[in-house]
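Report on the structure given below.
The values are calculated or read from the model by the stated rules, or taken from the named source; none is laboratory data. Everything numeric in this text was worked out from a predicted model, so none of it was measured. Please note: Cβ atoms are built from the backbone with ideal geometry, for glycine as well, and neighbour counts cover all protein chains shown.
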Amino acid sequence: MSRPVIIKKLKEKNPKLTQPEIELIIDSFCEVIEKSLINRKSIEIRGFGTFFLKKIKERHNSRNPKTGEIIYVPERNKVRFKASKKLKEFINK
């Protein structure tokens with residue numbers, strides 16, 4: 001689902017809100033998630049799931065599959081999402 005579709009669905013459910021207000025809500029929500037992840041905090045939305053960072057270790061002996069050349073892959077962080085039990089049950093009905 002894309003951002004315009006989300007805005008459209010929210011507008012249908014909340015006709016009192018204007019489109020700029022809905023966009024501001026979505027932007028604020030995303031900004032809070034980004035800032036929390038930058039500060040290495042996890043975000044738990046009850047009944048939906050948890051966003052968290054996972055540290056990926058560096059690798060010295062990785063190979064480029066196209067050329068076969070040995071490359072160095074630095075340590076990095078990845079955003080992960082773990083669905084809640086309620087969401088898993090809802091999806092698997």
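In region 14-63, which residues are of a type in the set (D, E, K, R) and not in a helix (DSSP H, G or I)? Across region 14-63, the qualifying residues are K16, R40, K41, E44, R46, K54, K55, K57, E58, R59, R63. The set of residues in region 64-93 being of a type in the set (S, T, Y) and either under 20 Å from I43 (Cβ atoms) or assigned to a helix (DSSP H, G or I) (or both) consists of S84 alone.
Across region 73-84, the number of residues qualifying as loosely packed, with under 10 Cβ neighbours inside 10 Å and either under 21 Å from I33 (Cα atoms) or at pLDDT below 90 (or both) comes to 1. When E21, E89 are checked against the criterion of being surrounded by 11 or more Cβ atoms within 10 Å (Cβ to Cβ) and acidic (D, E), E21 stands alone in meeting it.
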